[in-house]
Each structure stands twice: as structure tokens, then as C-alpha cells.
1. Just want to confirm a number: the relative contact order over region 151-275, from Cα pairs under 8 angstrom separated by 6+ residues, in percent.
2. Could you tally the net charge around Q203, taking each other residue with its Cβ under 14 Å from the Cβ of Q203, Lys/Arg +1 and Asp/Glu -1?
3. Could I have the simple spin-label model distance between A173 and Q203, label points 7 Å from Cα toward Cβ, reported in nm to one decimal?
4. Could you work out the relative contact order of the chain, using alpha carbon pairs under 8 angstrom and six or more residues apart, expressed as a whole percent?
5. Can you tell me the relative contact order of region 198-240? Whole percent, Cα pairs under 8 Å, sequence separation 6 or more.
6. Angle, helix 66-80 long axis vs. longest principal axis of the chain, Cα atoms, 0 to 90°, nearest 10?
7. Per q in 0.08, 0.10 1/Å, what log10 I(q)/I(0) does a Debye calculation on the alpha-carbon atoms of the chain return?
8. Would you mind working out the magnitude of the charge dipole of the chain relative to its Cα centre, with +1 at each Lys and Arg C-beta and -1 at each Asp and Glu C-beta, to the nearest 20 Debye?
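What follows is calculated from the coordinates using simple rules that are stated; it is not laboratory data. What you see is a predicted model; the values in this text were computed from it and never measured. As a convention, Cβ positions derive from the backbone with ideal geometry for all residues, glycine included, and neighbour counts pool all protein chains shown.
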Amino acid sequence: MRLEDKVAIVTGGGGGLGEGIALCLAQEGAGVVVSDIKQDLAKKVAAKVENLGRKSLVVETDVSQEDQVKDLVDRTLDSMGRIDILVCCAGVSGASHREHDSDEPFWVENILPGDWDFTFDANVKGVFLCNRAVAPVFRKQSSGRIVNISSVAGRKGNDMLLAYSTSKAAVIAFSQGMALQMAPYHVNVNTVCPGIIYTPMWQEGSELMAQYHPMFKGTGVKPKDALDAVVATQIPFKTYQTAEDIGKAVAFLVSDDAKEITGQALNVCGGMAFN
């Protein structure tokens, strides 16, 4: 096991992608702090971690709130004794806070400032605050691994995902800057860019896609069928990715096998995007 006796924090660890990452890290030997705004979901994941024989801790956290992020780090150190790994997975699509009705909700003038702020608070500010909170710990111990979860949507502009894709591009740029700051302290900072994974976020996205995407608008196509069509036409492998696919990539990047890898953004997307 590559992560024996290590301690990892996984934000957004209560379900979907975060759950897959948490369990992959546990399978490699790490104790896992499951941080999520939904404590009931986090407890279920923590139980699975413990069933794998690893120590776990649940911390209810809104990553956009500085005091809650500080509490996450403090409680981890108190209960687990150390922090070796931070994985920032908490995030939102932004679409769930759409408060208006429009035939073209993705046009820039129809994006509410509140939607934009909500997206950036979770996807960018949350990553910043979590990295900021662990940086002094990692500097003091001259070791650590950070993986910030971005998206293939952050690789180039997306006309239907303006706020989301912009926020995920910011995560990549931020992570590269952090990699430079932390390199003198032997801390690796990388990014993973997932493709299409059928999590609750993508279920929500498929509903909007079926209703508004030019390929499907007015056709009455079912949301899952619309997403299947996108996977078949835009992913060379023509397959969905899984939370386990992302978890395995993260487990590699935080292991000693990747000790010479930092400042990189790894696409795990079946060829949907290239570097």
C-alpha cells in the first residue's frame, strides 16, 4: 500500500467524486478525514473508510468559510495527529442557483451575479482557503501533497458553462502558483481534471443540456440519453469516467511514485481533452 499511515483530508468527500477519492486513498492505506457540507453523507463515507480498516473523521465544512476551514485543519491535527494529503474536491456547477426563467439561460446577460459568486465561492475560494490553511503545516514538516480537483471544462472556454469553466481554469492556475510556492518545502501540488462522471452534479447538468443545448433543444430527448450522446461523440473512448478512475489518479499523485511531479494538470477524461 502506497499511503500506509498517511492522513488525508478530502473536501466534498460525502458523495460522488469525493467518495470515490476517499475510498481509493483508504484502500492505499491512508486514514481519511471526510469533509463535507452534508454531514449525513460524510458519515456514510467515513463508515466505508473504517470498514476498510482505516481511521476516519467527519468534519462538517463549508469550504467558502474561513473559520470552518481552519476548524477542519485544527480538528484533523487534534484527532488524527498529522496531515499528509489535502484533496480539494468540494465544488458546485452553479446551475442549481439559477433564479430566472429564460430560453437562453446560459447567455452571459442571464447569469446572475449571485450565481457567479456562489460558483466561485465554492470552486475557487474554497480551494484557496483549504490550501492556505494547510500550507503552514506542510511547510513546517517539509512534506505534503495537495491535489486540487479541476475539470476538463477548465481547459478551454465553454459557452454553456461560463462560470463553471472559468472557475475550474482558475483552479489550474492557482495550483501552478502554489506548486512554485511550496516546492522549496518538498510539497507537491497538482490538479486532476475529470471528464464526464455520472454524479448528481452531472445528472443535474444533463437535465439542462437536454433542455437548452442546440443539439437537443426542442427534441424532447431524455436527459440521460442526451448525456450518452455527448459521451459517444465527444469522448474518444466513448465511455463515462468513474469516481474510482479519478481516485486512482489522485492516489498516484499523492504517493511517492509521483514525487517528481508538481504543477501539473492531469486529464482523466478518456481523451476528451488533451494538454
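1. On the way: 170 pairs, mean separation 40.0, N = 125.
Over region 151-275, the number comes to 32 percent.
2. Values: positive: K222, K224; negative: E204, E207, D225, D228.
Every neighbour counted, the sum reads -2.
3. So the label points at A173 and Q203 sit 3.4 nm apart.
4. Details: 559 pairs, mean separation 51.3, N = 275.
Over the chain, the number comes to 19 percent.
5. On the way: 32 pairs, mean separation 13.7, N = 43.
Relative contact order comes out at 32 percent.
6. Value to nearest ten degrees: 40.
7. Here the Debye-derived log intensity ratios amount to -0.31, -0.49.
8. Working: 26 positive and 33 negative charges, 172 e Å.
Approximately 820 debye in magnitude.
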